[in-house]
Amino acid sequence: MSTLMLDRIVPRHIRNFEPYYPSKPDSVLMSLFGVERLHRLNNNENALGPPPAVHRVIDGFSAEMVPVYPNGDCFDLRDLLAAKFHKTQDQFLVGNGSCEVISSVIKAFCVKGDNIITADKTFAVYEWVAEFSGVEARLIPLKDFGFDPEAMLDAVDDKTKIIFVCNPNNPTGTYWDRDTMIRFLEAVDQRCIVVIDEAYCEYVDNPDYPDAMLLMETFPNVITFRTFSKMYALAALRIGYLCSSPDVVDMVRRTHIVYSVNTPAQQAAAAAITDDRDFILATRKMVKEARQLLCPFFDGLGIPYLSNQGNYMMVHVPLSDTLLYRMLMKHGVMVRTMTGFRFPNWIRISLVQAPVMTDFINAFREVLSTVQK
Amino acid sequence: MTETGSRLSLDLKADICWIPLVQGVVETGAPVMGLDPGKTLRLALAAEEFILHLSRTAPGTRLILTLSREASSVSALFQFESSPEDLWAMNLTAASEISQDLDQGMAHMGLLLASRVADRFSIALNGRTLSVTLFQDIIYPEIEKAEVPSAPLRGILSAEACSDPADISHACALTMTLYPEPLYPKSFRTPGNIIDRISQGRFHAALVKDEAGTTAGMICWQIPSRRTVEFYGPYLFSKGDGIAQLLIDHLINQVARTEAITLYSRAAGPDLPLGNFEPLAALAYRQSNGQKETRTLWFRHLREDMGCPVWAHPVLVPFLKETYDRLFLIRTIREYKDQGGSRPARSLLGTRLGADKQEAFIRPMLDGTDIRENIQRHIQLLVNEKYVNLFFTMDLSIGWQAALGKDLTETGFEPAYVLPYAGESDKVIFHYVHPHA
């Protein structure tokens, strides 16, 4: 009688953590839902695809390069990032998506008994990594769909090691303006690390939007996260990075896995940020046009929505969001349900090209009429 | 012997010489874990009879006995390697069979007694290891209904998790005053049970209060399986806009980032905000006076449905297709019926009997070639004892259970509803149709 006694060898915080099961591949979903095409409006991907320079990198990647390890710490890419943002190479760490750098930062600064602070309705990975690392995640309710600076400051104690601010917030699209962010950083007074996650910063063109790359010159406890998945459309390559003061990065480097970013990802990222101005403008234009289609549509139906920053918007639907998901999938449209973000009966829609948005509108209208019958 | 907090373990061999030791451990340990003297004696008797049974049917088998405090019960878990066929005497119907052939049945008399003196039992087969758990529930005092406060609510309302015994008791008493019995669990009458389960994370409650601390409503939930959450309520104790929605939002937000996929209620009352849920089924529930009452079951998913395969006997396929189409659930239905391979001779059905003979829940625990007759024997016994609603639960992720579709429909059961993700995939709950109904 041999029974593996996992409860004796697995820490309690791991046993209590709920595993995450990602979505099935598109081909499987299409087969299950009986559709021949699938509009992916669930992951805030840039439907324009990557900049032209990236195509050339991918096309030029030969099989002869496969046996060779990638550069272990993305030397060339960090060199380019340093030049682009007028910093030094040792201020950057590149990871296999920004999820990896989140993990590195929490490992570098937190031990069991410490806490991190973030919002209750934001990107879930800060909370997840903290919890499966045995670190308390203090989740502060959003205020008017935005991060609440006063409540977050009230939650800080001597065990607080990191505050995560998603700016703009995924999924609400709200952001702290420069004055709010500076007041917050001053109040934190370097008692802990402040991570400003700027995954969607390239989509924001408002003049009052704060740039964490500049703020860290004044506040050395600031770390910014950025990703190549959202604006630069390199999601399949999994590459993101952090930037901070050299001393902070030196600490994070100790817990950061090297060799985790593959060669095509490093080369594609380097190509993406070289001369990216026109590409960013074209993407912003696509997102703006999508908003101009969707907002009047939902206004006409009297359905509330949040249309702020980023390449997405949230809609408060008059039925269960998970039922709406299943019904839209039957029309070949995949949206993100927001119950998992603690916004029950909201959906998040990626803003993409007009023909796809029109398909979404038609499918949504049909589903709604089915429900109302 | 090892002891860790509220758990005691014995590692021994199935032999009658150990019976005094087992009795001693249960009689000493169970009161420390909160069981009263009468129930302790019953558990000691059940454990004794179980060892007696094993020492007769599988002498010398290595056996691990674990006595532990569960949320509101004390349990004796027996783990051993043996043929599951020997467990047939735990069937609710085994008594008559044993009494008809005492010579042959004596070896199983102990098992019969063990299962009868326990409040509940469960069986799991993992590889060749059988785990049989006998439960004795702790007795809690009953409470009276409470007077409903007439003062209006003041200020902003907010929902918060609650574990305070006084608050829980008061909210249970208010629920008993304002809602009919089918709409709340019978454990509301003994809130000590709920408080103990809350303290061990087995049950959850949230209250809405106003700024003066007046309780305006309650919602409760538990997690019966890895991917389902069952809730009770919302129960409203005051008039006020949005109390029910506050409770539902709180519930959903608490469970939204868990492993659970299906959130459901079998007893939601008139205060459920319907926009949040989908009707799962309308169940024609029989009452003891012969009248029927239709109860709507509600559910919602907590995340995107990725679909899953289910096994089904061909007779069940039309019902499943209709259900899955109506609910927009994506399932790959794989037909399965008895393949004619070798099966154990004797099956085992677990039966949970509801209060006041309103309902009995049967679930298949072990397959056997006699399972159809076993189902019939259970129906006959329960109908004779005047149980008015018989349910049978089938796990569609388990082939041999799915193959029972034909036997069930031919013995008078009808598929009533599908509970998504209640097992590894879905479960179908069958309802027995009385021939004279």
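Worth a mention:
- Residues in segment B:266-297 that are under 20 Å from the mean Cα position of the chain (by Cα), of a type in the set (Ser, Thr, Tyr) and farther than 24 Å from A:Thr370 by Cα: B:Tyr285 alone.
- Of all residues in segment B:51-83, those that are more than 14 Å from chain A (Cβ to nearest Cβ) and over 17 Å from B:Leu125 (Cα atoms) total 15.
- Single residue of segment B:260-294 satisfying the filter (part of a strand (DSSP E or B) and among the polar types (S, T, N, Q)) that is surrounded by the most Cβ atoms within 10 Å (Cβ to Cβ): B:Ser265
- Scan of segment A:79-91 for residues that are under 12 Å from A:Ala270 (Cα atoms) and free of Cβ contacts under 8 Å to residues at least 40 places away in the same chain, ordered by number: A:Asp79, A:Ala82, A:Ala83
- Selected residue (only one of A:Phe298, A:Phe279 is crowded, with 21+ Cβ neighbours inside 10 Å and away from chain B (no Cβ under 14 Å)): A:Phe279
- Residues of segment A:9-39 classified as in contact (Cβ under 8 Å) with a residue 24 or more places away in the chain, more than 8 Å from chain B (Cβ to nearest Cβ) and closer than 27 Å to A:Thr358 by Cα, total: 7
- Unique residue being more than 27 Å from A:Phe343 (Cβ to Cβ) and among the acidic types (Asp, Glu) when the list is B:Glu181, B:Glu160: B:Glu181
- Just one residue in the set B:Ala360, B:Ala402 is in contact with a Phe, Trp or Tyr (Cβ under 9 Å, 6 or more places away or on another chain), among the small types (Gly, Ala, Ser) and in contact (Cβ under 8 Å) with a residue 40 or more places away in the chain; that residue is B:Ala402.
- Test result for B:Arg300, farther than 30 Å from B:Glu385 by Cα, basic (Lys, Arg) and either part of a strand (DSSP E or B) or outside the structural domain of B:Ser425 (by TED's automatic domain parsing) (or both): yes
- Among (1) closer than 19 Å to B:Thr296 by Cβ; (2) at pLDDT 90 or above; (3) within 25 Å of the chain's Cα centre (by Cα) - the single one B:Leu236 does not satisfy: (3)
- Residues of segment A:1-41 classified as over 30 Å from B:Asp11 (Cβ atoms), of a type outside the set (Phe, Trp, Tyr) and touching an Asp or Glu at 6+ places or on another chain (Cβ under 8 Å), total: 7
- Residues that are out of contact with any Pro (no Cβ under 8 Å at 6 or more places or on another chain) and over 16 Å from B:Met394 (Cβ atoms) within segment B:347-377 comprise B:Leu353, B:Gly354, B:Ala355, B:Asp356, B:Lys357, B:Gln358, B:Glu359, B:Asp370, B:Glu373, B:Gln376, B:Arg377, listed in sequence order.
- Filtering A:Arg326, A:Arg277, A:Arg291 for residues that are of a type in the set (D, E, K, R) and at pLDDT below 95 leaves a single hit, A:Arg277.
- Test for B:Val310: is it assigned by TED's automatic domain parsing to the domain that holds B:Tyr387 and either part of a loop (DSSP other than H, G, I, E, B) or surrounded by fewer than 18 Cβ atoms within 10 Å (Cβ to Cβ) (or both): no
- Applying the condition of being in contact with a Lys or Arg (Cβ under 9 Å, 6 or more places away or on another chain) and buried (at least 20 other Cβ atoms within 10 Å of the Cβ) to segment B:53-78 and asking which residue is modelled with the lowest pLDDT yields B:Ser55.
- Hits in segment B:314-347 - residues which are assigned to a helix (DSSP H, G or I) and either away from chain A (no Cβ under 14 Å) or in contact (Cβ under 8 Å) with a residue 24 or more places away in the chain (or both): B:Pro314, B:Val315, B:Leu316, B:Val317, B:Pro318, B:Phe319, B:Leu320, B:Glu322, B:Thr323, B:Tyr324, B:Leu327
- Strands (runs of 3 or more DSSP E) lying entirely in segment A:302-373 (those with 2 or more residues that are in contact (Cβ under 8 Å) with a residue 40 or more places away in the chain and at the interface with chain B (Cβ under 9 Å from one of its Cβ atoms)): A:333-337
Table: residues versus (1) away from chain A (no Cβ under 14 Å); (2) out of contact with any Lys or Arg (no Cβ under 8 Å at 6 or more places or on another chain).
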site: B:Ser169; (1), (2): yes, yes
site: B:Thr175; (1), (2): yes, yes
site: B:Ser199; (1), (2): yes, yes
site: B:Ile219; (1), (2): no, yes
site: B:Val229; (1), (2): no, yes
site: B:Ile248; (1), (2): no, yes
site: B:Asn253; (1), (2): no, no
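- Looking across A:Asp158, A:Asp197, one residue alone is charged (D, E, K, R), crowded, with 21+ Cβ neighbours inside 10 Å and either closer than 28 Å to A:Ala108 by Cα or at pLDDT 95 or above (or both). It is A:Asp197.
- Taken over segment A:212-253, the criterion of being hydroxyl-bearing (Ser, Thr, Tyr) and either at pLDDT below 95 or in a loop (DSSP other than H, G, I, E, B) (or both) is satisfied by A:Ser229, A:Tyr232, A:Ser244, A:Ser245.
- Selected residue (only one of A:Tyr175, A:Tyr241 is touching a Lys or Arg at 6+ places or on another chain (Cβ under 7 Å) and not polar (S, T, N, Q)): A:Tyr241
- Qualifying positions in segment A:77-135 - buried (at least 19 other Cβ atoms within 10 Å of the Cβ), more than 14 Å from every other protein chain (Cβ to nearest Cβ) and acidic (Asp, Glu): A:Glu100, A:Asp114
The values are calculated or read from the model by the stated rules, or taken from the named source; none is laboratory data. These numbers come from a predicted model, not from an experiment. Don't worry about glycine lacking a Cβ; one is built from the backbone with ideal geometry, like all the others, and counts go over all protein chains shown.
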